[in-house]
Amino acid sequence: MFFRGGGAQTRSECAKIQRVAPAFHGKKFLALALSLGAAVSAALAQTRPSTPNEHQQFLDKLVKAAVERTNHSVKYVSIYVHLDYPGGDVPADTGVCSDEIIRAYRVVGVDLQKEVHEDIAENWTDYPLNTKWHQTHPDSSIDHRRVPNLMVFFARKGDSLPVSLLAKEYLPGDIVTWDLGGGVPHIGVVVNAKSSESGRPLIVHNIGQGPKMEDVLFSWKITGHYRYFGPLPRAH
């Protein structure tokens with residue numbers, strides 16, 4: 001609150017290079033290595049869905065990943081942790097509300113650590129890092145874990161949707177942020193299950209008891225409503 005998908009294929013491709021290395025020398029081996037390296041990069045590249053059908057498929061996968069998170073036991077630990085970059089994460093059995101969003105997006109190939117860090121580096125003044133936390137430079141270990149930064153990022157890079165009191169306006173895969181009171185931010189994701197009592201869509205979030213799927217959409221003041229499909233292709 002305060003503040004890797006594809007690895008097996010990479011290892012497989014590296015193993016291929018190791019197996020064929022004795023049979024190739026000089027330029028032949030270099031060409032093979034470069035070819036396989038390009039194939040790995042293409043396989044791991046983040047791609048943004050471009051059609052309505054692809055958009056829906058992306059959101060379906062995001063929701064599935066979020067719901068799967070509720071099977072994990074996670075202690076709510078909000079201390080600063082130095083992370084690897086990119087693809088860094090706090091220990092798997094710890095985390096805060098934002099870590100559940102980060103982990104769900106990683107399952108569908110989007111590294112919010114990388115995307116948020118790069119956007120902050122290029123658009124420093126759009127983020128509240130200096131005014132809120134007195135930072136003087138980006139910090140890839142914590143910036144993406146802070147809900148106010150995610151709100152700016154999702155508004156800049158995704159769709160900022162109306163904050164509504166109508167439950168039907170919140171669709172599976174939407175990201176919602178709240179003020180828990182006293183300016184304490186919170187974040188969760190709408191999933192494709194509804195409360196049997198209220199009929200409202202359920203939210204996967206971590207407010208201190210680990211990732212849960214609960215009927216909390218209107219439990220606190222909503223401060224943001226977003227839909228994010230991943231990064232746009234970068235120009236070469």
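The values are calculated or read from the model by the stated rules, or taken from the named source; none is laboratory data. Treat the numbers as computed from the prediction; the structure is a model and nothing was measured. When we count neighbours, we look across all protein chains shown, and the Cβ atoms used for this are built from the backbone with ideal geometry, even at glycine.
Only one entry of His144, His137 meets the criterion of being outside any helix (DSSP H, G or I) and either surrounded by fewer than 16 Cβ atoms within 10 Å (Cβ to Cβ) or not polar (S, T, N, Q) (or both), and that entry is His137. Taken as a whole, the condition of being in contact with an Asp or Glu (Cβ under 7 Å, 6 or more places away or on another chain) and in a loop (DSSP other than H, G, I, E, B) applies to Pro86. When you scan the stretch 157-175, do you find a residue that is under 28 Å from Asp84 (Cβ atoms) and either surrounded by fewer than 17 Cβ atoms within 10 Å (Cβ to Cβ) or of a type in the set (Asp, Glu) (or both), even just one? Yes. Figure legend. Inter-residue proximity from the stretch 125-153: first residues not assigned by TED's automatic domain parsing to the domain that holds Gln113, second residues at pLDDT 95 or above and among the β-branched types (Val, Ile, Thr), beta-carbon distance below 7 Å, spacing 6+ or different chains. No pairs are indicated. For the stretch 194-211, the candidate set comprises residues that are loosely packed, with under 15 Cβ neighbours inside 10 Å and of a type in the set (D, E, K, R); within that set, the residue that is farthest from Arg227 (Cα to Cα) is Glu197.
Mind listing whichever residues of the stretch 97-120 are acidic (Asp, Glu) and assigned to a helix (DSSP H, G or I)?
Asp99, Glu100, Glu115, Glu118, Asp119
Among the criteria (1) assigned to a helix (DSSP H, G or I); (2) at pLDDT 95 or above; (3) over 30 Å from Gly181 (Cα atoms), the one Ala21 does not fulfil is (2). Gly95 meets each of the listed conditions (1) surrounded by fewer than 16 Cβ atoms within 10 Å (Cβ to Cβ); (2) modelled with pLDDT of 55 or more; (3) at positive phi apart from (1).
Yes/no per residue for (1) among the polar types (S, T, N, Q); (2) closer than 14 Å to Gly230 by Cα:
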site: Glu100; (1), (2): no, no
site: Val107; (1), (2): no, yes
site: Val110; (1), (2): no, yes
site: Trp124; (1), (2): no, no
site: Pro138; (1), (2): no, no
site: Asn149; (1), (2): yes, no
site: Phe154; (1), (2): no, yes
site: Leu161; (1), (2): no, no
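Among the residues making up the stretch 206-236, those that are assigned to a strand (DSSP E or B) and either closer than 25 Å to Pro49 by Cα or modelled with pLDDT under 95 (or both) are Gly224, His225, Tyr226, Arg227. The single residue among Val40, Val77, Val108, Val90 that is farther than 19 Å from Ile175 by Cβ, touching a Gly at 6+ places or on another chain (Cβ under 9 Å) and modelled with pLDDT of 95 or more turns out to be Val77.
In the set (1) assigned to a strand (DSSP E or B); (2) loosely packed, with under 13 Cβ neighbours inside 10 Å, the condition left unmet by Val191 is number (2).
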